[in-house]
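Student: Please read through the structure below; I'll follow up with questions.
Quick note: the coordinates plus some simple rules give every number you see, no bench work behind them. Quick caveat, the model's predicted, so the values are computed rather than measured. When we count neighbours, we look across all protein chains shown, and the Cβ atoms used for this are built from the backbone with ideal geometry, even at glycine.
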Amino acid sequence: MPKDASGVLSEIKRSFIQEKLKSGFREDGRKLDEMRKITIDENYVPRAQGSAFVQLGKTKVIVGIKIESGAPFPDTPNLGVMTTNVEMLPMAFPTFEPGPPNEDSIEIARVVDRGIRESKMIDLEKLCIEPGKKVMIVFIDIDVIDFDGNIIDACTMGVVKALSFARYKPDPEGDELPVPINNHPISVTMVKIGNEILCDPNLEEEQMSNARITVTMTEDGKIRAMQKGNIGSFTLGQINEVIQMSERVGNGIREQILGEVR
Amino acid sequence: MGTPSDKKLIDENGLRLDGRGPDELRPIRIRTDVLERADGSAMIEWGGNKIIVAVYGPREAYPKHTQDIERAVIKARYNMAAFSVDERKRPGPDRRSVEISKVISEALTAAVMVEQFPRTQIDVFIEVVQADAGTRIASLTAASVALANAGIPMKDFVVGCTAGRVEGKVVLDLSKEEDNFGQADLPMAVLQKSGEVVLIQMDGELSKEEFDSAVAMIMDATKRIHEIQRNALVEKYQNIEAGGEE
């Protein structure tokens, strides 16, 4: 993950964060399992078939969904196709550069994609129009416009919200249909600082941690995707702890962002 | 320009599809400080256009061979989100966005006191979140506000608008349908105080008289648009006077 513009986190800030953690609180006053404030505007880009503007603390992402018809993959002739793409725009952070995605943004896109794909949130079978010939392709594109840590969760919740409202036309002349949806995956990303596990890290917490883990779960309590990142490690006990935290925190997020939809 | 269509773009009363008269602008709204990390930022909503602009700098120009020992280099990057248009756009720069980035950079260089910051670059990142005709001048209009918002010294504001010909009539601020099916498109941007033209492009077909009336319409409109730019910046300081952030 990138450092701040000068590339370092000051020693004084670092020890402040560590001291505060000992009392069970974080530098911004949150508890260890507390998310930052979440605001989601749905249908933010009316031209897209589904969209959402997510603010997770100071992190801001825009999710846009385009659904077009095309050919299926030869090995899955009966399934629609989904693709996920995350653009870490240079406007989001002083050291982000334009150009092809680097390994950080590829990892983020793949973790978001895996959570949505493996939970089978989109019923891809229903997006098949003519087996082997014509299926619907769901393009999920995400613009990261302001970066303050935890892109993965901001993106996942934006995608889930946008898909819940997305509509498509199987036939250009026909009626619009809602995208067929099976469930609502929520990812929770946690980092380890010292021996404490905390969720929804902001930029500074991301910088001073040496291990990160994302757990994506659906409302049936099943784990659908996991990804550990960075050079540090977790004990088995800590893995248990992060799964429990993911379920607890994830249920809260799902209730908050989708309460009225489901 | 686009292909002729059966759709009437101007009705018998001279009103356009969206109910505007010939010299009427679409609704425009500009806000500053929409991003936290950037040194300056602005968002413009102009009709269905939704564009975010971020400014970073002046900072050391990189790669080094792009440095100019006499002035700052303005590097605008115009980028359309994949979901900003009807048919998904493949992410990344294409020939059109490279050209637009260049003309925007050049227009802004005319307004910024670039000679105060030799060897540096000023990045202007433009993200078109939703496109609805006239994105380049909307971007430029917002970029100028974002530069001011970043506290970068400027001689003047850049403010732009388009005009064009639709069904034989000269109209201001083309909508998407008018852009697609109209007969001419003239985006233009000026320095607000001096009225000097810093961007002009045109495609389609205009007679000399039509060109003159299009330019007159644009010049009149830039005064109204500049008021909106100015208010966006004033609003920021009013908030501070009123005791802090919104």
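Student: What does the average come to when, for each residue of peptide B:55-68, you count the partner chain Cβ atoms lying within 10 Å of its Cβ?
Tutor: Whole-number average of other-chain Cβ neighbours for B:55-68 is 1.
Student: Still on this structure, I have one more. Using helices alone, I'd like the mean residue ellipticity at 222 nm for chain A: each DSSP H run of four-plus residues gives -39500 (n - 2.57), total over residue count, nearest 500. Walk me through the numbers before you get to the answer.
Tutor: Values: 5 runs with 72 residues, N = 262.
Calculated mean residue ellipticity at 222 nm is -9000 deg cm²/dmol.
Student: Along the charge dipole of region B:28-236, which of B:Val197, B:Pro153, B:Val166 sits closest to the positive end, that is, farthest toward it, with unit charges on the beta carbon of Lys, Arg, Asp and Glu (+1, +1, -1, -1)?
Tutor: Most positive-ward Cα: B:Pro153.
Student: May I pose another question? Output the Kirkwood hydrodynamic radius of region B:1-139, Cα pairs only, in Å rounded to one decimal.
Tutor: 17.1 Å
Student: Something else: Using the Cα atoms of region A:1-143, I'd like the radius of gyration and the largest Cα-Cα distance, Dmax, both in angstrom.
Tutor: So, for region A:1-143, Rg and Dmax equal 19.7, 62 Å respectively.
Student: May I pose another question? Debye sum, Cα scatterers, region B:136-187, no solvent: what log₁₀ I/I(0) at q = 0.22, 0.25, 0.27 1/Å?
Tutor: The computed values of log10 I(q)/I(0) come out as -0.74, -0.84, -0.93.
Student: In percent, how large is the relative contact order of chain A, given Cα pairs closer than 8 Å and 6 or more residues apart?
Tutor: It comes to 20 percent, rounded to a whole number.
Student: Follow-up. Relative contact order of region B:28-236: what whole-number percent is it, with Cα pairs under 8 angstrom and at least 6 residues apart?
Tutor: Details: 480 pairs, mean separation 46.9, N = 209.
22 percent.
Student: Taking springs between alpha-carbon atoms closer than 10 angstrom, which of B:Val158, B:Val197, B:Val55 fluctuates most in the Gaussian network model of chain B?
Tutor: Looking only at B:Val158, B:Val197, B:Val55, the biggest GNM fluctuation is shown by B:Val197.
Student: Using every Cα-Cα pair within region B:134-226, state what percent have a distance larger than 15 Å.
Tutor: Pairs farther apart than 15 Å: 56 percent.
Student: Could you pull out every one of the lysines with an alpha carbon less than 24 Å from that of A:Lys222, ignoring same-chain neighbours closer than 8 positions?
Tutor: A:Lys120, A:Lys126, A:Lys161, A:Lys192
Student: Now for a separate question. Nearest 0.05, what FRET efficiency do B:Leu17 and A:Arg248 give at R0 = 56 Å with Cβ-Cβ as r?
Tutor: Computed FRET efficiency for B:Leu17 and A:Arg248: 0.60.
Student: Kirkwood hydrodynamic radius (Cα pairs, Å) of region A:185-259?
Tutor: On the way: mean 1/r = 0.0803 Å⁻¹.
Averaging 1/r across every pair of different Cα atoms and inverting gives 12.4 Å.
Student: Given the options B:Gly47, B:Gly19, B:Gly134, which has the most mean-square fluctuation in a GNM of chain B, springs set between C-alpha atoms less than 10 angstrom apart?
Tutor: B:Gly19
Student: Identify, among B:Pro91, B:Ala54, B:Met80, the residue whose Cα sits farthest towards the positive end of the charge dipole of region B:1-111, taking +1 on the Cβ of Lys and Arg and -1 on the Cβ of Asp and Glu, with the dipole about the Cα centre.
Tutor: Working it through, the farthest residue towards the positive pole turns out to be B:Pro91.
Student: When averaged across all projection directions, what area in nm² does the alpha-carbon convex hull of chain A cover?
Tutor: 14.6 nm²
Student: Right, something else. So which GluC sites (Glu not before Pro) in region A:163-262 are both in a DSSP loop and have at most 11 other Cβ atoms within 10 Å of their Cβ?
Tutor: A:Glu173, A:Glu176, A:Glu260
Student: I want to check the label-to-label distance for A:Lys20 and B:Arg59. Put each point 7 Å from Cα in the C-beta direction and report it in nm to one decimal.
Tutor: About 2.4 nm separates the two model spin labels.
Student: Where is the GNM fluctuation largest for chain A (alpha-carbon springs, 10 angstrom cutoff): A:Ala71, A:Ala166, A:Ala109?
Tutor: Highest fluctuation of the listed residues: A:Ala71.
Student: Follow-up question, since we're still on this one. Tell me the relative contact order for region A:46-132 as a rounded percent, counting alpha carbon contacts under 8 Å between residues six or more apart.
Tutor: Details: 77 pairs, mean separation 24.9, N = 87.
RCO, region A:46-132: 29 percent.
Student: While we're here: Give the Rg/Rh ratio for the protein assembly as shown, taking Rg as the radius of gyration of the Cα atoms and Rh as the Kirkwood radius, to two decimals.
Tutor: Reported Rg/Rh (Cα atoms, Kirkwood Rh): 1.00.
Student: Please find the FRET efficiency linking B:Ser207 to A:Glu103, where r is the Cβ-Cβ separation and R0 is fixed at 56 Å, and quote it to the nearest 0.05.
Tutor: So the FRET efficiency works out to roughly 0.50.
Student: Let me ask something else. Report Rg(Cα)/(2.2 N^0.38 Å) for region B:28-236, keeping two decimals.
Tutor: This ratio for region B:28-236 stands at 0.99.
Student: Work out the length of the dipole vector of chain A about its Cα centre, built from +1 on the beta-carbon of each Lys and Arg and -1 on the beta-carbon of each Asp and Glu, and round it to the nearest 20 debye.
Tutor: So the magnitude is around 400 debye.
Student: Would you mind working out the magnitude of the charge dipole of region B:13-142 relative to its Cα centre, with +1 at each Lys and Arg C-beta and -1 at each Asp and Glu C-beta, to the nearest 20 Debye?
Tutor: The dipole of region B:13-142 has a size of about 300 debye.
Student: Sticking with this structure for a sec: Roughly how large, in nm² to one decimal, is the mean projection of the convex hull of the alpha-carbon atoms in region A:108-205?
Tutor: On the way: hull surface 31.3 nm².
Over every viewing direction, the Cα hull of region A:108-205 projects on average to 7.8 nm².
Student: Follow-up. Suppose the chain between A:Lys222 and A:Ala71 were pulled fully straight at 0.36 nm per residue; how much longer would it get relative to their current alpha carbon spacing?
Tutor: Between A:Lys222 and A:Ala71, full extension yields 51.2 nm more.
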